[in-house]
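None of the figures in this text is laboratory data; all of them are computed from the coordinates on show. Just so we're clear, the structure is a prediction, and the values are computed from it rather than from any experiment. We place every Cβ from the backbone using ideal geometry, glycine too, and count neighbours over all the protein chains shown.
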Amino acid sequence: MKARHTLAVIFTCAALGALSSQHARADTAPEETITVEGLTHPTDILIDTWGVPHIFADNEHDAFFVQGFNAARDRMFQIDLWRRRGLGQLAEVFGPAYVEQDKATRLFLYRGDMSTEWKRYGPDAKPVATRFAAGVNAYIDWLAAHPDRLPYEFRKVGYWPAKWSADDVVRIRSHGLTRNLTSEVARAKVACKSSLAADSVRFGLQPPWQPQMPEGLDPCLPDDVLKVFTLATQSVHVTRDSLNSADASTTVIAAADNPEEVTEGSNNWVIAPGKSATGRAIMANDPHRAYAAPSLRYIQQISAPTLDIIGGGEPSAPGVSIGHNGTIAFGLTIFNIDQEDLYVYELNPANPHAYRYRGRWEPMRIVHETIAVRGGPPVKADLAFTRHGPVIYTESAKHRAFAVRTAWLAPGMSPYFDSMRYMRAKNFTQFKRDLSTWGAPTVNQVYADTHGDIGWVPSGLSPRRPNWDGLMPVPGDGRYEWAGFWPRDDMPSAFDPRDGYFTTSNEMNLPADYPYKERKLGFEWTNGSRHQRIDEVLKASPKVSIEDSERLQNDDVSIPARRLVALLAPLAPPASDDADTRAALSMLKGWDAHMRADSPQAALEEVWLSHHLGRAFKQAVLPKEATDSFGSPDTAVMLDTLEHPETRFGDNAQAKRDAVLLASLHDAYGEMVRLQGADASAWQWGKLQTNLNAHPFADLVDSDMRAKLNVGPIGKGGSAYTPNQSTYRANDFRQTNGPSFRVIVDVGNWDNSRAVNLPGESGDPDSPHYRDLAQMWLNGEYFPLLYTRASVEKATEKRIHLVPGARTQ
């Protein structure tokens, strides 16, 4: 911790030095003037030392237009790819191998009335989206006159970015963080092979709950029932084989998109002035999303006389979702509301497009679409929908069909877009009111303002299920229907909590007196270890500073590792000549549970936890048929049981528990010897766990270009259970997601706020800002998130003047 503090001080001095040197050359920063049709007044984009764009406009009309223009300037390939993925238009540019992904994605487009959709977001939503899309299109027009500036990816494959419409911004739904469809299917498969009781080892429910088998459900589902859903919601992966394939039946599944392994979450906290070392409120947030190049998030400032916001958001949408507006600061993590259900239908043997519903055969709605295909004829696609949602699988032999009902296909549910409301709020009452319409994803919103108030507002549409809990698939025959959504007033919230702070990390945080049996918001929450660690640090701190928040976002203490070390403490080395187990016990006993990249103990503990202990635990407490029905057990359930072996181990529980610990630890030590050699002192966690920010074209290009497009691999510490979170693939320890964007807001002293965005701000591999923040992020460092015009001017690296004109040039 002392070293980290020293690093923070050094960096702060370095950042101030950078500002000083920038001041000396701010007036001579390179300038570019672009004439843009559609702009009403001259507007400036100031790019600072760290690649952050600051847009200064005379009115909001121009501000959001230029936000779209600038997003295209810096992230053209990324936002075009996201748009094509979301609308199901990949095959048009990548060929037949993407037809199936396009079909899948089109099932999950918003297909309702667009006037109803726009009304849900408020009166200024469509004008803002229209201006944003117009700005994107203006940049595409500019590219037509400057083809040498067309990004590399378009030139590599040979296509042109598509024009946008305002509807494109909100119709796309499949990129949001959704739940709990995959878990419903996993639970059904365990029940099919064993029992619902066995599933409590796979996933511990909170608050305590016993799921029931829905009447009339056969839980034995097709193994690939979620194939279409996975295709619809996965990222885009382009390879040489897929680009050259002429087979329209091919499906491209990205290696990192296994839903069993990807668990995206976040941390956030707000500190009240009375507990803050600054005497002002503090807001900290670090969303844990997929690691990628370019970065998922884009930090930017949009400034006009009536609005001045700064922070992170998705580059394909207007506004920001995490940041501040000069009066309030706001940040979010996932709040685990269950918004999805899988419906199972009996089909009419004489008509596979009709299903039984309340005693009669009801026809599916069939939507006929045409998918343009590069290098081939268009493909006709018939998309089927029941009254509940898109049909993702038909099991002809059993006359069954499966469809998904999701809250996020309802009007007003475009992921993150409703931040357009709350980013304008000026007090907690307004903030809470503006979040009353927020739909997706479901989030813990935290709040802090210049008045000294802090708060928590969980938000998102929660279906009312009158006669079931949402934990299993259900028959689609009319017996299991939603009864609308729970009103916002039925959700918990907090304002100026007594402890002087509030923190969330996707844990089960419903208040003890919340009527969860009636409302059943959800029972599947993220492991509470990150929250426990953050809470214990904040609780123990009389005053919390900005630097404390930096250290806490980078904290690498693992609560599960600490608990495992405590379990090993009383164990005696085996009497037999078992040198590996003796060495392993010697390494881990007394270890501080810090998951440092250079730690031999962290490497051994994670190999033990992820490869050996879980398997041995399942074999000890479950029948054979259950152990084969799912992968890793719930870590919290496993640790609770190991600490209280009498709950599941039967007779001689402690001896059986100890045998599981020792045998699995022995095997883990042997694996580490195979992985990193016999000298245990040379083992390093960061040599196993690596961070790779992969570009969608990484497997399309040669090794030299791949090294330019990708950022990494680089060794990194942390784990899934540390505040500095790192979820990794069990087969090769490559990180899949974590805190790629971090921000700490000094509320009221805005220029003292800090941020970092992995791997950089730009989407252009030739830009110095494509990867320049990667080492800073890895070191736990930050750059100043400058807000006032004077401070931004001093740190300006480049000026872009946009002026109105008859045509973009």
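Equivalent-ellipsoid semi-axes for region 173-212 (Cα gyration tensor, √(5λ), whole Å, largest first): 22, 13, 7.
Taking 25 Å as the limit for the C-alpha separation, the pairs 227/398; 624/656; 119/227 exceed it in the case of 119/227.
What is the order of 335, 65, 649, fewest Cβ neighbours within 10 Å to most?
Sorted ascending by nearby Cβ count, the order is 649, 335, 65.
Across region 278-304, no residue has a backbone nitrogen under 12 Å from the label position 7 Å along the beta-carbon direction of residue 779. Structural descriptor for the chain: relative contact order 21 percent, calculated from alpha carbon pairs under 8 angstrom and at least 6 residues apart. Put a plus charge on the Cβ of each Lys and Arg, a minus charge on the Cβ of each Asp and Glu, and nothing anywhere else: the dipole of region 385-489 about its Cα centre is then about 200 debye. Rounded to whole numbers, the Karplus 3J(HN,Hα) couplings from phi for region 274-287 are x, 9, 9, 5, 8, x, 10, 5, 10, 10, 10, 8, 9, x Hz, using 6.51 cos²θ - 1.76 cosθ + 1.60 with θ = phi - 60°, and x at Gly and Pro. When shorter helices are ignored and each DSSP H run of at least 4 residues is given -39500 (n - 2.57), the per-residue value for the chain at 222 nm works out to -9500 deg cm²/dmol. Segment residue 247..residue 705, full-extension length gain: 162.2 nm, with 0.36 nm per residue of separation and the alpha-carbon distance subtracted. Extension gain for residue 367 to residue 496 (0.36 nm times residue separation, less C-alpha to C-alpha distance): 41.4 nm. For Kirkwood radius over Cα pairs in Å, the candidate list reads (i) 28.8; (ii) 27.7; (iii) 38.5; the entry that matches the value derived from this model is (ii).
Counting neighbouring beta carbons within 10 Å and listing from fewest to most, the residues 364, 776 come out as 776, 364. The order of 192, 220, going from fewest to most other C-beta atoms within 10 Å of their C-beta, is 220, 192.
Among 275/426; 103/618; 539/589, which pairs are too far apart, with a Cα-Cα distance over 29 Å? As for pairs spanning more than 29 Å Cα to Cα, those are 103/618.
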